[in-house]
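Engineer: If you scroll down you'll find the structure; I have some questions about it.
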């Protein structure tokens, strides 16, 4: 099982998803990363960006379940002066998305094969060279894992994933 796989048959989730609202100030990300480093907590994924309010940024931190008890992570984060709020999202109660860019070495005879494969995943070709294609896919981590595994049959020159971003799933209103 890959580290990105949330769970397999009968297995519990392998990660915690935390969204942390912080003051948008210099050094905050370094303090958060330092806290994780000092405590030996394994960050599986980290994404950070400003919110609609320029005073704040939102960090989405995916933490390996085995490296740290959730309560301890939250307690330590809550001690940081620039942290405004912390929310935990259960993987089955969250909408998670990630972005992947991959450059694949491909000759002319296999080019259409890669383009078709990426199209099946609703991705797109974002750059074309004489012997390479760069493709992009945004989707759930599992979907990106699937495309990455299938591209593994070709020569991947470079691959970059953004890290997860997540929001709570919306409740359904009854009618």
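What follows is calculated from the coordinates using simple rules that are stated; it is not laboratory data. Worth saying up front: this structure is predicted, and the values here are computed from it rather than measured. Methodologically, a virtual Cβ is constructed for each residue, glycine included, from the backbone with ideal geometry; neighbour enumeration extends over all protein chains shown.
Engineer: Where does each of 87, 37 land when they are ranked from fewest to most other beta-carbon atoms within 10 angstrom?
Structural biologist: With the sparsest Cβ surroundings first, the list reads 37, 87.
Engineer: Compute the distance in nm between two label points, each set 7 Å from the Cα along the Cα-to-Cβ direction, one at residue 126 and one at residue 37.
Structural biologist: 2.8 nm
Engineer: At a Förster radius of 25 Å, what calculated FRET efficiency corresponds to the Cβ-Cβ distance of residue 140 and residue 111, to the nearest 0.05?
Structural biologist: The formula returns an efficiency of 0.40 here.
Engineer: Another question, then. If packing is taken as the average number of other Cβ atoms within 10 Å across a peptide's residues, how do 140-153, 109-122 rank, most packed first?
Structural biologist: 140-153, 109-122
Engineer: How tilted is helix 28-39 with respect to the longest principal axis of the chain? Cα atoms for both, answer in degrees (0 to 90, nearest 10).
Structural biologist: 80 degrees
Engineer: Compute the angle between helix 141-151 and the longest alpha-carbon principal axis of the chain, please, reported from 0 to 90 degrees and rounded to the nearest 10.
Structural biologist: Once rounded, one gets 30 degrees.
Engineer: Relative contact order for the chain: what percent, with Cα pairs under 8 Å and sequence separation of 6 or more?
Structural biologist: Value for the chain: 25 percent.
Engineer: Same structure, new question: Using Cα centres only, tell me the gap between the stretch 57-112 and the stretch 114-175 in whole Å.
Structural biologist: The stretch 57-112 and the stretch 114-175 have Cα centres spaced 16 Å from each other.
Engineer: Still on this structure, I have one more. Per DSSP H run of n ≥ 4, the term is -39500 (n - 2.57); total these for the chain, divide by its residue number, and report the mean residue ellipticity at 222 nm rounded to 500 deg cm²/dmol.
Structural biologist: -8000 deg cm²/dmol
Engineer: Over all alpha-carbon pairs of the chain, lay out the pair-distance distribution in 5 Å bins, whole %, shortest bin first.
Structural biologist: Binned Cα distances yield the sequence 1, 7, 15, 17, 15, 14, 12, 9, 6, 3, 1, 0.
Engineer: How large is the translational diffusion coefficient of the stretch 40-106 in µm² per second when you combine the Kirkwood radius over alpha carbon pairs with Stokes-Einstein at 10 °C and 1.306 mPa s?
Structural biologist: 111 µm²/s
Engineer: Against the longest alpha carbon principal axis of the chain, how many degrees, from 0 to 90 and to the nearest 10, is the axis of helix 108-120 turned?
Structural biologist: Taking Cα atoms only, the helix is inclined about 40 degrees.
Engineer: Using only the C-alpha atoms of the stretch 95-168, find the volume of their convex hull and express it per residue in Å³.
Structural biologist: 72 Å³
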